[in-house]
Ligand SMILES: Cc1ncc(COP(=O)(O)O)c(C=O)c1O
């Protein structure tokens, strides 16, 4: 009997719950468009992919040089056990003291991660039992939901509303539900609404976590990329030492997304639990990559400021270009994304966020992210990533404008 007939192809319920839905379909449409545009006789413009937060901007040379210098060391090729990450964890503790004025124990309160996505996705497995409830804001970053599904946890969604400036109203959840919530996962500056948020919002979450005895996870890869005001941080609230964990990344502030470098700072018991879990899944990133991360923290701390100048210009020019073609584009308070309501003409035609993206891509070659990929609260919205030079973005706005005029 052929092996395929003997082996059951049943996958786990938790993987089924993950789905791949909106993003997979968007990817397939992008690939199909690129194939058509790449045909020898095609007159289609090339794909302009504004659907991913993967930047065209480059990391600081000092990081790459530090990695390159360490690549040839034998210990860079070896598995890196926790003890060997000490220089990295010490650099993180110094950074946190400079950045937030908080004292961090590098041995007990810091953990190296393979991206903040990895850390936030693994955390529910470390702190929740199957069926336990966890709070997410809606819209949410997709892997926050994915992490709950992997842990067979039960999500509770707290809707964010444009009319509230995307401020979470934690009092909208009743006391009985609060008493069941074991974990809250949130993050300001917030992807996808591109809202920096306020320290008071994070402090309100801390207060709820304290009252109800739940874990507060704050995913903060954009902490250095607030364009207006100062980004909130869990580390500014001393209660983090008790029941908080905050995730930081080198992907956005230092443009090192492909190198998969991030870290968590948190209450010792949470760091211990996540470290124990990760011990089953992976060893740490190579010492060579860690050398680049240390260089970022210690020698290129001003890099995000430079990026902000570029993103601010992209934001302002792209928003103005979209407005010029009739698509209202509020200026977001954080870098990297515009969060756009469906244009009136698209609503009038009955398009939802995904059918709008599909038709836009087909007609113009411009790819956006449908808001429903970020949860039910994202329906009616589109995310546009400012990950190309402003000339290309403006070209994209002109392509969009021609198509909108035909609706
Ligand atoms: C909120 C949020 N968390 C995590 C990530 C992933 O970051 P990393 O590259 O550190 O895994 C992103 C990337 O877009 C993000 O927006």
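The values are calculated or read from the model by the stated rules, or taken from the named source; none is laboratory data. Source: prediction; values computed, not measured. Virtual Cβ from ideal backbone geometry, glycine too; neighbours counted across all protein chains shown.
The residue list 101, 119, 131 contains one member that is at pLDDT 95 or above, more than 16 Å from the ligand (Cβ to nearest atom) and either within 30 Å of residue 389 (Cβ to Cβ) or in contact with a strand residue (DSSP E or B) (Cβ under 8 Å, 6 or more places away or on another chain) (or both), which is 131.
Taken together, the residues in the range 375-386 that are closer than 18 Å to residue 336 by Cα and either out of contact with any helix residue (DSSP H, G or I) (no Cβ under 9 Å at 6 or more places or on another chain) or modelled with pLDDT under 95 (or both) amount to 1. Listed by first and then second residue, the pairs linking a residue in the range 80-94 that is in a strand (DSSP E or B) to a residue that is crowded, with 19+ Cβ neighbours inside 10 Å, with Cβ atoms under 7 Å apart and 6 or more places separating them unless they lie on different chains, are 80/284; 80/285; 80/286; 80/287. Residues 261, 256, 277: which one is more than 28 Å from residue 387 (Cβ to Cβ), touching a residue at least 12 places away in the same chain (Cβ under 8 Å) and assigned by TED's automatic domain parsing to the domain that holds residue 189? Exactly one residue qualifies, and that residue is 277. With respect to the stated conditions, residue 273 is more than 13 Å from the ligand (Cβ to nearest atom) and either under 20 Å from the mean Cα position of the chain (by Cα) or more than 28 Å from residue 333 (Cβ to Cβ) (or both).
For the range 149-168, which positions are under 22 Å from residue 195 (Cβ atoms) and part of a helix (DSSP H, G or I)? Once the filter is applied, which keeps residues that are under 22 Å from residue 195 (Cβ atoms) and part of a helix (DSSP H, G or I), the range 149-168 yields 162, 163, 164.
Would you mind stating whether residue 89 is at pLDDT 95 or above, crowded, with 21+ Cβ neighbours inside 10 Å and more than 16 Å from the ligand (Cβ to nearest atom)? For residue 89, the condition - at pLDDT 95 or above, crowded, with 21+ Cβ neighbours inside 10 Å and more than 16 Å from the ligand (Cβ to nearest atom) - is met.
With respect to the conditions (1) touching a helix residue (DSSP H, G or I) at 6+ places or on another chain (Cβ under 9 Å); (2) closer than 18 Å to residue 139 by Cβ, residue 206 falls short on a single one, namely (2). Does the range 17-35 include one or more residues that are part of a loop (DSSP other than H, G, I, E, B), in contact with a helix residue (DSSP H, G or I) (Cβ under 6 Å, 6 or more places away or on another chain) and in contact (Cβ under 8 Å) with a residue 40 or more places away in the chain? No, there is no match, as no residue in the range 17-35 is part of a loop (DSSP other than H, G, I, E, B), in contact with a helix residue (DSSP H, G or I) (Cβ under 6 Å, 6 or more places away or on another chain) and in contact (Cβ under 8 Å) with a residue 40 or more places away in the chain. Residues in the range 214-245 that are in a strand (DSSP E or B), away from the ligand (no atom under 11 Å from the Cβ) and free of Cβ contacts under 8 Å to residues at least 40 places away in the same chain: 216, 244. Considering the range 171-207, the residues that are in a helix (DSSP H, G or I) and in contact with a strand residue (DSSP E or B) (Cβ under 7 Å, 6 or more places away or on another chain) include one that is surrounded by the most Cβ atoms within 10 Å (Cβ to Cβ), namely 202.
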